[in-house]
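Read the structure below first, then the notes.
The values are calculated or read from the model by the stated rules, or taken from the named source; none is laboratory data. What you see is a predicted model, and the numbers here were worked out from it, not measured in a lab. Heads up, the Cβs are rebuilt from the backbone with ideal geometry, glycines too, and the neighbour counts pull from every protein chain shown. Protein only, heavy atoms only, side chains kept; ligands, DNA and RNA dropped before computing areas. Shrake-Rupley method; radii C 1.70, N 1.55, O 1.52, S 1.80 Å.
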Amino acid sequence: MTAARSHDGPGPLRRAGRATGRALRSPFTGTARGIRKATHAHGAGESGLGKLIELHAVNGAGDVMITVALASTVFFSVPTDEARGRVALYLAITMAPFTLLAPVIGPLLDRLPHGRRAAMAGAMLARALLALTMSGAVATGGLELYPAALGVLVSSKAYGVVRSAVVPRLLPPKFSLVKANSRVTLAGLLATGVAAPIGAGLQTIGSAWPLYGACAIFIAGTFLAFSLPHKVDSAKGERRARLIDPHGEEPVPPPAPKPSGLRKDGLRKDGLRRNGGKPAKERPPGLRSVGGSVFHGLQANASHRALSGFLIFFLAFLLREHPMAGQSAAVSLAIVGVSAGVGNACGTAVGAWLRARGPEVIIATVLGLALGTAVLAAVFFSTAAVAALGAVAGFTQALSKLSLDAMIQRDVPEEVRTSAFARSETLLQMAWVVGGGIGIALPLNAVLGMSVAAGILALGAATSVRGLLGAARRGTPHPRVA
């Protein structure tokens with residue numbers, strides 16, 4: 001009887017245990033399958049873009065964990081005056097060196113075209129180790145916390161530069177760059193929104209726990225970076241691009257070398273000098289040399305990024321000292337943060353929907369929208385005005401950046417496009433640092449702050465809008481990005 005019963009299959013208790021296990025796993029496995037289906041849709045799985053989307057989501061989740069830990073230590077745990085001094089110290093020790101390091105990041109990464117996967121994995125692993133280092137100092141807020149924070153910042157920006165350079169190599173067929181960047185950015189935003197409350201929950205356990213969570217996330221990202229396709233490391237046909245060409249002329253490709261003979265300028269037809277056999281130097285094309293659209297688009301996006309840095313620091317202290325009516329400082333900051341996040345997500349979604357038709361007009365339009373909102377916030381300062389400015393700033397920054405990406409894809413030659421993304425991203429990060437510095441130094445006067453915000457955008461509009469609209473009227477010899 002016993003032997004026969006053993007062949008009839010598992011008993012009722014075992015069957016019930018398996019059913020319970022399947023029921024408990026179902027929400028997680030179903031969610032994982034849904035996420036994988038969304039990130040790998042429309043050929044993104046075959047091209048490798050889906051894995052980059054997932055990697056960027058991991059990056060966003062890890063960064064927000066570190067942000068939660070630092071904000072709780074540097075900002076929320078001490079009185080306002082002391083917090084302002086700590087944040088100023090944080091800016092001095094981390095942001096100031098970063099302004100010196102940022103121009104080096106792009107050219108340095110240009111020299112690693114065959115190691116992009118390793119570079120992204122290295123940026124992840126460095127932040128994992130630095131998060132562990134910070135976990136010992138985060139409770140006391142000692143000075144050793146700040147060099148580690150600088151390392152996290154540099155690693156994060158290095159990852160961002162390499163990620164921008166990688167996207168063009170992972171485009172699926174009939175997939176525009178603006179749509180690809182929309183998916184990548186939106187994944188990062190969604191992961192940030194999910195990880196932020198988890199980090200806040202870990203913070204209630206202990207000040208070091210969000211950093212432990214960040215370490216685990218970045219270790220997973222290290223392995224995920226190496227799962228990207230090998231074509232990410234290909235440097236076929238690439239050259240480095242300079243940020244500015246003083247002549248502003250469209251580059252003309254060098255003539256095909258001839259086997260022999262001399263020209264009137266003293267060069268042989270094969271491009272070698274008569275007196276040494278050294279090849280003639282070829283000036284690499286710059287971002288400005290491909291046309292005014294990209295250069296003016298960079299100017300407009302720099303003003304958006306400077307506004308972002310300014311609002312983060314200025315409103316953090318303003319709302320802590322003067323919260324919204326009937327709300328605590330934390331709730332006031334959360335309202336503005338959520339408004340900015342929702343605006344950013346909406347801008348990303350609209351950018352993919354518009355498919356970047358007429359990107360010059362889009363950039364000029366959203367810059368005017370942000371400027372008008374900032375002026376209204378300065379004249380009619382209120383809780384609603386601050387929340388509206390945060391939402392509009394997030395929306396316009398996302399849409400403007402996607403349009404800039406489309407112009408770089410359209411106008412920059414393919415052989416220097418990867419380098420162009422690295423250089424443009426470095427410039428925008430430096431603009432954020434400048435805006436943040438202004439925000440921390442400014443007196444906590446609401447009308448003055450909103451006026452400065454409007455001034456930042458007005459400066460961007462004055463330097464870029466005329467050139468953008470002129471370029472839009474003239475049209476472009478390059479096809480529009482579909």
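Assorted remarks:
- Exposure rank, largest accessible area first [GLU144, GLU46; 1.4 Å]: GLU46, GLU144
- In Hz, Karplus ³J(HN,Hα) per residue of region 116-133 (6.51, -1.76, 1.60; θ = phi - 60°; x = Gly, Pro): 5, 4, 5, 5, 5, 5, x, 5, 5, 5, 4, 5, 4, 5, 5, 5, 5, 4
- Inter-centroid distance (Cα atoms) of region 147-185 relative to region 455-471, Å: 26
- On the basis of the beta-carbon distance and an R0 of 35 Å, ARG473 and ALA330 show a calculated FRET efficiency of 0.10.
- Counting only protein chain heavy atoms and rolling a 1.4 Å probe, the accessible areas of TRP353, TRP209, TRP432 rank, largest first, as TRP353, TRP209, TRP432.
- Virtual spin-label span in nm between THR383 and LEU444, 7 Å along Cα→Cβ: 1.9
- Table column - 3J(HN,Hα) (Hz), region 444-449, Karplus curve with 6.51, -1.76, 1.60, x for Gly and Pro: 7, 10, 4, 5, 4, x
- Sulfur and carbon atoms: percent of accessible area, region 307-415 [1.4 Å]: 70
- Legend: residues HIS322, HIS56, HIS304, HIS230, sorted from most to least accessible area (1.4 Å probe; ligands, DNA and RNA excluded), read HIS230, HIS322, HIS56, HIS304.
- Listed values for region 152-167 are Karplus-derived 3J(HN,Hα) couplings in whole Hz (6.51 cos²θ - 1.76 cosθ + 1.60, θ = phi - 60°), namely 4, 4, 5, 5, 5, 5, 4, 4, x, 5, 5, 4, 4, 6, 7, 3, and x replaces Gly and Pro.
- In this Cβ point-charge picture (+1 for Lys and Arg, -1 for Asp and Glu), region 397-452 has a dipole of about 160 debye about its Cα centre.
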